[in-house]
Amino acid sequence: MAIAVYCSVGALPLNYKLDILNPQMIDTHCHIDDPQYAEGLEAFLTEQREDGVEAILVPGVDATSVKDVLEVCDRFPEYLFPALGLHPENVKEDWEEQLRVLKEAVDQRMSSSNPLIAIGEIGLDYHWDVSFKEQQHEALREQMRWAEQWNLPVMIHSRDATEDTLNILREFPTVKGVMHCFSGSHEVAKQVVDMGYYLGIGGVLTFKNCKLAEHLVGIPLERLILETDAPYMAPVPHRGKRNESRWMKYVAERLAEIYQCSVEHVNEVTTANAKALFVIKL
């Protein structure tokens, strides 16, 4: 669903109009509920808007994040759009109780006038700890069922768990989504897009030793969406700083080099991709 061209954030007027000759960007993954953004949030969002960011999608990571995610999105309902989910790193002893709380929140929000735009951030992560590996599998399957129930896309986190992640996603062929913060091989990229998923491309693409550019060869731009994972993963030249949605422009510039097209074309296509995947009402 396309996003309307009129919206307001902070000091921007209600009739602020997008420049259709300068396509806007959509940040499809930003943890704007992080305390790092609490002070001066309205001014911060206005800066993002004025620098070409049309909308920001805000994923949850556990049951305790529900309140913060929904509250910040409700403060700026025409600019911030919520998702809820249990991040695999937060699958611990209380994972079943967390899922119970999250399911209640999902169902309640989906019955409201301002529903979720996705289930996420969910997935598998074996990088630091595999002691809850089987529980991660069950948590992912359960949340995929929520996406199936509500006809929502999913925001998938996968680290050191590619085969298991893809196998579980294939159990739910009607559910589509994005492979968040993608940095995998060309073979994995092809598998993901062949399943009907998008690749979330962020600041890692600008890093000096990143091989992702090589892995995107042959992957259509029509299967990519922009994201930040802010406050993390700031692109060069801001690497190491608190990330900002407007810095996606550096990622777009790198994609323009890779795909040998204009930055405007990258923004136009990736924004259209985001609008095709996520249902965003203004």
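None of the figures in this text is laboratory data; all of them are computed from the coordinates on show. Remember, predicted model here, so these are calculated numbers, not experimental data. Methodologically, a virtual Cβ is constructed for each residue, glycine included, from the backbone with ideal geometry; neighbour enumeration extends over all protein chains shown.
Observations
- Listed values for segment 84-100 are Karplus-derived 3J(HN,Hα) couplings in whole Hz (6.51 cos²θ - 1.76 cosθ + 1.60, θ = phi - 60°), namely 10, x, 10, 4, x, 5, 9, 7, 10, 4, 9, 4, 5, 5, 4, 5, 4, and x replaces Gly and Pro.
- Here each label is just a point 7 Å from Cα along the line to Cβ, and for Y232 and F207 those points are 1.1 nm apart.
- Of D74, D33, D68, the sequence from fewest to most neighbouring Cβ atoms within 10 angstrom is D74, D68, D33.
- Looking at the chain alone, DSSP beta bridges between its own residues are antiparallel in about 5 percent of cases.
- Taking other C-beta atoms within 10 angstrom as a stand-in for reagent exposure, D194, D160 fall in the order D194, D160, fewest first.
- Least to most buried among W128, W247 (fewest other Cβ within 10 Å first): W128, W247
- At most 14 other Cβ within 10 Å, DSSP loop - trypsin sites (Lys or Arg not before Pro), segment 82-174: K92
- Per-residue HN-Hα couplings for segment 211-224 [Karplus 6.51, -1.76, 1.60; θ = phi - 60°; Hz; x = Gly/Pro]: 9, 4, 4, 5, 6, 7, 4, x, 8, x, 4, 5, 10, 10
- Measuring r between the beta carbons of A276 and V101 and using R0 = 25 Å, the FRET efficiency lands at 0.20.
- Relative packing of 209-218, 262-271, 173-182, which averages over residues the other C-beta atoms within 10 Å, highest first: 173-182, 262-271, 209-218
- If the segment from H265 to S112 were pulled out straight at 0.36 nm per residue, it would be longer than the present Cα-Cα gap by 51.5 nm.
- Distance between modelled label sites at V217 and K67, nm, 7 Å Cα→Cβ extension: 5.2 nm
- Most mobile of E50, E39, E227 in a GNM of the chain (Cα contacts under 10 Å): E39
- Residues D51 and W128, FRET efficiency given R0 of 41 Å [Cβ-Cβ distance, rounded to 0.05]: 0.75
- A simple charge model with +1 on the Cβ of Lys and Arg, -1 on the Cβ of Asp and Glu and nothing else charged puts the dipole of the chain at about 620 debye relative to its Cα centre.
- Trypsin sites (Lys or Arg not before Pro) restricted to segment 242-282 and DSSP loop, no more than 14 other C-beta within 10 Å: R242, K281
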